[in-house]
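Just so you know, all these numbers are worked out from the coordinates, no wet-lab data involved. Owing to the predicted nature of the structure, the values given are computational and were not obtained by experimental measurement. Don't worry about glycine lacking a Cβ; one is built from the backbone with ideal geometry, like all the others, and counts go over all protein chains shown.
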Amino acid sequence: MKSYRIYFLAILGLLASCKNNPEPENEAPNYGLIAKNAMVVSARKEASQIGVAILKQGGNVFDAMVATHLALAVAYPYAGNLGGGGFMVYRKANGEIGSLDFREKAPLRATRDMYLDDNGEVIPNKSWLGALATGVPGSVAGIFEVHEKLGSLPLETIFEPILSLAHKGVVVTEKQAKTIKEYQPLFHEVNLNTIPFDKNWKAGDTIKYPVLASTLERILEFGKDEFYKGETAKKLVGFIQNNGGIITLKDLEKYEAKWRKPITFTYDDLNIISMGPPSSGGVCMAQILKMVEPFHLDENDHNSLRTIQAVVEAERRAYADRSFYLGDPDFNKIPIETLINDKYLTGRMSDFSFEKATPSSEFSHGNIEVIESNETTHYSIVDQFGNAIAVTTTLNGAYGSKLYCPELGFFLNNEMDDFSSKPGVPNMFGLIGAEANSIAPEKRMLSSMTPTIVEKNGEFFMSLGTPGGATIITSVLQTILNVHEFGMTMQEAVDAPRFHHQWLPDEVVMEPNSFDTSLIEQLKTLGYNVREGESIILGKVDGIRVLNDKSYEGGADRRGDDTAIGF
Ligand code: GLY
């Protein structure tokens, strides 16, 4: 950690609580919301409010998880969902940790080559647009699993504000109006029926969700089975099959969320707890952070040439391994211990020099590329009892497959695109995959979602995560570095400009208008291909950290409508 940073003690009462945290020199830190007891940070104000309301009724972090997840399904149809899946990492106040996998699965009728034509070429759009792109949804199983094992309030109490929100409606934000408009041509292309998002919605309008409310009411009445076996299941399967999809009632009946051992590793004096396979997030982040640890990033400036070089070269190497080794652990033997082993990672970085870029073509692994989408969503919650969670959930693309079930009131995911349709051919995120992530019935597709909890001195320190497809991992790790190495507040850390490298394509993606042109020229001179497009957004990180007085600071990313609420 940066040793020469000036400590701003006692300038403001606020800062008194931060005396052991280094702050950037010569400028007053920009804090996010600070709350003493509990906090929810999510992609929409309505969801954070409902999560906090549940905590205020005495609910714990797991009750708030169910509420926030369902509230996002109503208020943030872009990525919040009933028709998708996700991952949760938790740390209880007593230090117990765990993780839940409610990732989608390939249907029983899925085949390895289902997205290839007779010549073995990938058929454009087939894996990400429409019913055939949909994996068996896991979100409803996930929230019921969390509630049954760890929740404390009755489901009626948790569902009440969600149903009220769906009936009363949600006010359209500027950003939402823009994305609805942007995706309308695809809604028209995919949907046989008119859907609520076909209208010319403007910021300030209110969209009501009565059909979704009815679906939720049935789920409340009949439980998880309503979604996987009941009337909702039958309607869902009928709709998917009418639209050319292959999901059957058997697929829904067989779906189960799975508790898995999280990935844990140390970085300096931090203990990091993150999601293991079928997410690549934890393994990949462990690899990158362990590869950069010996470079003492705090001796350089934030986003300086040397910092970017060290991080980019570690990212390049980790993503090459990702493409080759990672996939569903129930179908593959994944050498996790070796992949995150210090000796192995020292070897991986042994050919790196600050003198020039290492071309990705020099790496032996992964003659193939796989991609993922940007349109996931993340929420972090801490409760008044000291429990913490990090949850990342997704439909994959924005509005998933773009297919909206009018009888049930929600979008279906296009998660099948996260499989490797054909080894070597990039997916929608440009990621290349190998055999470990090939399609097979009931297999879970590889993810980059990286819900993460960080401990310091044995205590909870941060909860964070982000959407961003392939860029999720690099956004989460840069946010951790921003706080830990560069002394930023949580808000500064989530807002700071980010960069990304994923081995293939061999380019450093940089957020536009955020880096000095001289820095970009220096990178180019050293052999880096830099891509800096106007529309590039790398993640939308939401996080919570503990300040020295034990209160919480929320970081709600400036890039979205994200909001921290606490008490
Ligand atoms: N669909 C994005 C991810 O799972 O990483």
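Summary of values
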| read-out | value |
| --- | --- |
| Size of charge dipole - region 72-221 - debye, nearest 20, with Cβ of Lys, Arg +1 and Asp, Glu -1, no other charges | 340 debye |
| Pairs from LYS56/LYS178; LYS168/LYS202; LYS36/LYS56 whose Cα-Cα separation, in the structure shown, is over 22 Å | LYS56/LYS178 |
| Nearest-20 debye value, region 166-315 charge dipole, Cβ charges on Lys, Arg, Asp, Glu | 820 debye |
| Ellipticity estimate at 222 nm from DSSP helix runs (n ≥ 4, -39,500 (n - 2.57)) divided over the chain, nearest 500 | -9500 deg cm²/dmol |
| Cβ-derived FRET efficiency at R0 41 Å, THR517 paired with VAL171, nearest 0.05 | 0.55 |
| GluC sites (Glu not before Pro) lying in DSSP loop within region 95-181, provided at most 15 other Cβ fall within 10 Å | GLU96, GLU121 |
| Distance between region 484-540 and region 412-468 - C-alpha centres, whole angstrom | 21 Å |
| Anisotropy class of region 429-485 from Cα gyration tensor, a/c 1.5 cut | prolate |
| Least to most buried among HIS69, HIS302 (fewest other Cβ within 10 Å first) | HIS302, HIS69 |
| Hydrodynamic radius (Kirkwood) for region 161-300, which is based on Cα pairs only, to one decimal in Å | 19.7 Å |
| Euclidean distance of C-alpha centroids, region 333-354 and region 256-310, integer Å | 13 Å |
| Extension reserve of the ASP268-HIS188 stretch, reckoned as 0.36 nm per residue once the Cα distance is removed | 23.7 nm |
| Charged-residue dipole, Cβ positions (Lys, Arg, Asp, Glu), the chain about Cα centre, Debye nearest 20 | 900 debye |
| Furthest towards positive pole of dipole, VAL508, ILE480, PRO441, structure part region 430-567, Cβ charges | PRO441 |
| Among PHE411, LEU220, PHE429 the positive-end extreme of the charge dipole of the chain (Cβ point charges) | LEU220 |
| Of the GluC sites (Glu not before Pro) in region 318-367, those whose Cβ has at most 12 other Cβ within 10 Å and which sit in DSSP loop | GLU355 |
| Listed residue pairs exceeding 21 Å between alpha carbons, taken from LYS208/LYS254; LYS149/LYS456; LYS175/LYS208; LYS175/LYS235; LYS149/LYS261; LYS290/LYS343 | LYS208/LYS254; LYS149/LYS456; LYS175/LYS235 |
| As computed over region 468-513, the Cα convex hull volume per residue (Å³) | 81 Å³ |
| Region 57-69 - phi-based ³J(HN,Hα) in whole Hz, Karplus 6.51/-1.76/1.60, Gly and Pro as x | 7, x, x, 9, 4, 7, 4, 5, 4, 4, 5, 5, 4 |
| Counting all C-alpha pairs of region 405-452, share separated by more than 17 Å (%) | 43 percent |
| Amide proton proximity set for LYS105, modelled H, under 5 Å, gap of 5+ | VAL136 |
| FRET efficiency for GLU231 and SER164, using Cβ-Cβ distance with R0 set to 30 Å, rounded to 0.05 | 0.85 |
| Label-point gap, in nm, between SER551 and THR111 - each point 7 angstrom along Cα→Cβ | 6.2 nm |
| Of ASN242, SER463, LEU289, farthest towards positive along the dipole that unit charges on Lys, Arg, Asp, Glu beta carbons give the chain | ASN242 |
| Global geometry of region 53-95, whether rounded, prolate or oblate, following the gyration tensor of its Cα atoms and the 1.5 cut on a/c | oblate |
| Quotient of C-alpha Rg and 2.2 N^0.38 Å, computed over region 424-567 | 1.18 |
| Rough spin-label spacing in nm, given labels placed 7 Å along Cα→Cβ, for SER350 and ILE123 | 4.8 nm |
| Equivalent-ellipsoid semi-axes of region 110-169, from the Cα gyration tensor, Å, largest first | 40, 16, 5 |
| Cα pair distances in the chain, grouped into 20 Å bins until the bin that holds the longest one, percent each | 23, 58, 19, 0 |
| Neighbour-count order for TYR209, TYR344, fewest beta carbons within 10 angstrom listed first | TYR344, TYR209 |
| log₁₀ of I(q)/I(0) at q = 0.11, 0.12, 0.19, 0.21 Å⁻¹ - region 227-366, Debye sum with one point per alpha carbon | -0.57, -0.63, -1.08, -1.25 |
| Calculated log₁₀ intensity ratio I(q)/I(0) where the Debye formula runs over C-alpha points of region 222-284, q = 0.24 Å⁻¹ | -0.91 |
| Tail weight of P(r) past 17 Å, computed on alpha-carbon pairs of region 273-353, percent | 46 percent |
